[in-house]
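Here is the structure we will look at.
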Amino acid sequence: MSVPVNDLSYCRGKIGPWGSRASLAIQFAPQKEKVPLTGIFALQNEWESVVTSKHASDLASIRLAWWEDQLETGRELSNHPVIRLLSLSGTFDVLPLTRLIQALRSYRALVLDAQPECELRASAILRESHGVFLHWTTLNRMNDIPDLPLCHLATASWLAQRLAAPSLRTSGKGWAPQAEILVAAHEELRAGLDACAPFLRHPACRSIRIIAALTELEIHGFERSGNSTHPNAIPVKLWRAWHAARNEQRI
């Protein structure tokens, strides 16, 4: 079934500007996977925007409860562009609904933690919520991928995003110091890459490789400069994404 143009346009707007990790993962995906991946990344960014909002503690539970209702009872009737795209493209069919609901509830729990980047319980929540989305990008073409390695990579990706957040540069309330986040991001990245080595070059993992490569680029940039105000140039990101995309085994 075709996806309405307006829904696709909305979802593309949600994945971030050209040069973002999601946009480059979609750019180098096979043609038939571009629409499903656009919906996956759009939904993830919808939920993350709720969690990172300045008013998250007041509104997140209500907004996430609405999303849960949409997933459980209203997917076929929903008017939300992201839900519609994921339904019409069949993307919901390749992820158990129970896992997606579990991820949503993990995002809700994340709002309750003061320093989600460093506290052990919150780190586990991060791994669960983000790991589900990273696993989903394989579109169920490789079911034997273990969850934990992907959860480490997903957490590293989140931490790298937090390093670039304005709240960290202004000592925003509720966030751990940048140095602590950088250490945690590096540890999660290394743990994920080491554990993912046996399967990361599988064609189904192309988006995962791209996300991991761009996350590594960002983290190493922060380590070298100690400054998150000078992001990597788009040509550099583009080359790293292209190199990661083509580095897969023949099967």
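The values are calculated or read from the model by the stated rules, or taken from the named source; none is laboratory data. Fair warning: this is a prediction, and the values are worked out from it, not measured in the lab. Quick reminder, even Gly has a Cβ in these numbers, built from the backbone with ideal geometry, and neighbours come from all protein chains shown. These accessible areas exclude ligands, DNA and RNA; they are computed on the full protein's heavy atoms, side chains included. Shrake-Rupley method; radii C 1.70, N 1.55, O 1.52, S 1.80 Å.
The residue pairs whose first member lies in the range 132-147 and is closer than 17 Å to I40 by Cα and small (G, A, S), whose second member is open to solvent by less than 70 Å² (accessible area, probe 1.4 Å) and assigned to a helix (DSSP H, G or I), and whose beta carbons are closer than 7 Å, counting only pairs six or more residues apart or on different chains, do not exist in this structure. Residues of the range 41-57 include none that is more than 16 Å from the chain's Cα centre (by Cα), open to solvent by 20 Å² or more (accessible area, probe 1.4 Å) and aliphatic (A, V, I, L, M).
The selection criterion, being under 22 Å from A204 (Cβ atoms), in contact with a Leu (Cβ under 6 Å, 6 or more places away or on another chain) and open to solvent by 30 Å² or more (accessible area, probe 1.4 Å), holds for V94. Screening E33, E48 for residues that are more than 21 Å from V3 (Cβ to Cβ) and part of a helix (DSSP H, G or I) leaves exactly one candidate, E48.
In the range 65-79, the condition of being surrounded by 13 or more Cβ atoms within 10 Å (Cβ to Cβ), assigned to a helix (DSSP H, G or I), among the charged types (D, E, K, R) and in contact (Cβ under 8 Å) with a residue 60 or more places away in the chain is met by no residue. Residue count for the range 189-204, restricted to those that are closer than 11 Å to L150 by Cβ, of a type outside the set (A, V, I, L, M) and part of a helix (DSSP H, G or I): 2. Can you work out which of the residues in the range 212-244 that are of a type in the set (D, E) and buried (at least 19 other Cβ atoms within 10 Å of the Cβ) is modelled with the lowest pLDDT? Once the filter is applied, the top-ranked residue is E218.
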